[in-house]
Amino acid sequence: MTINFLTDRKADDFYNSLLPLYTESLGENKIIEHYKIQQPEYIIFNNLNMKDYYFNYICQDYALDFCGYVQENYNLEHVIDTDFRYLIFKRK
């Protein structure tokens, strides 16, 4: 959300967090359908450890279907790899 604000991009903010709790309770299919309709230009993943939610990392331990959707419909545009990693995907 901060990135949208700083770049003056519109965001719907409906699924602004993909914590394991949300993906499990809302269902990945609903999230994927929402993104198919909204088609954001960018999707950003980070490597924040989710061990407090009984999973470790997105696309490795949870949200696998959503990550597959991103892989099919977005290109990896940039990786910021410091102590905290960001994967920036741009819509094809």
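Observations on the model:
- Flag for Val79 being part of a helix (DSSP H, G or I) and either surrounded by 13 or more Cβ atoms within 10 Å (Cβ to Cβ) or of a type in the set (A, V, I, L, M) (or both): no
- Selection status of Phe84, of a type in the set (Phe, Trp, Tyr), surrounded by 15 or more Cβ atoms within 10 Å (Cβ to Cβ) and in contact (Cβ under 8 Å) with a residue 24 or more places away in the chain: no
- Of the residues making up segment 51-77, those that are under 11 Å from Phe89 (Cβ atoms), touching a helix residue (DSSP H, G or I) at 6+ places or on another chain (Cβ under 9 Å) and either acidic (Asp, Glu) or in contact (Cβ under 8 Å) with a residue 60 or more places away in the chain (or both) number 0.
- Near pairs, Cβ below 7 angstrom, 6+ apart or cross-chain, from segment 30-45 (outside any helix (DSSP H, G or I)) to any residue that is surrounded by 14 or more Cβ atoms within 10 Å (Cβ to Cβ) and of a type in the set (Phe, Trp, Tyr): Tyr42/Phe89; Ile43/Tyr74; Ile43/Phe89; Ile44/Tyr86
- Residues located in segment 46-69, provided they are within 14 Å of Ile32 (Cα to Cα) and in contact with a Leu (Cβ under 8 Å, 6 or more places away or on another chain): Ala63, Phe66
- Of the listed requirements (1) modelled with pLDDT of 90 or more; (2) closer than 16 Å to Tyr15 by Cβ, Pro40 misses just one: (1).
- Of everything in segment 43-62 that is among the hydroxyl-bearing types (Ser, Thr, Tyr) and surrounded by fewer than 16 Cβ atoms within 10 Å (Cβ to Cβ), the residue that is modelled with the highest pLDDT is Tyr54.
- Residue-level analysis places Glu72 among those that are among the acidic types (Asp, Glu) and exposed (fewer than 14 other Cβ atoms within 10 Å of the Cβ).
The values are calculated or read from the model by the stated rules, or taken from the named source; none is laboratory data. Computed from a predicted structure; not experimentally measured. For neighbour counting, all protein chains shown are included, and Cβ atoms are generated from backbone atoms with ideal geometry for every residue, glycine included.
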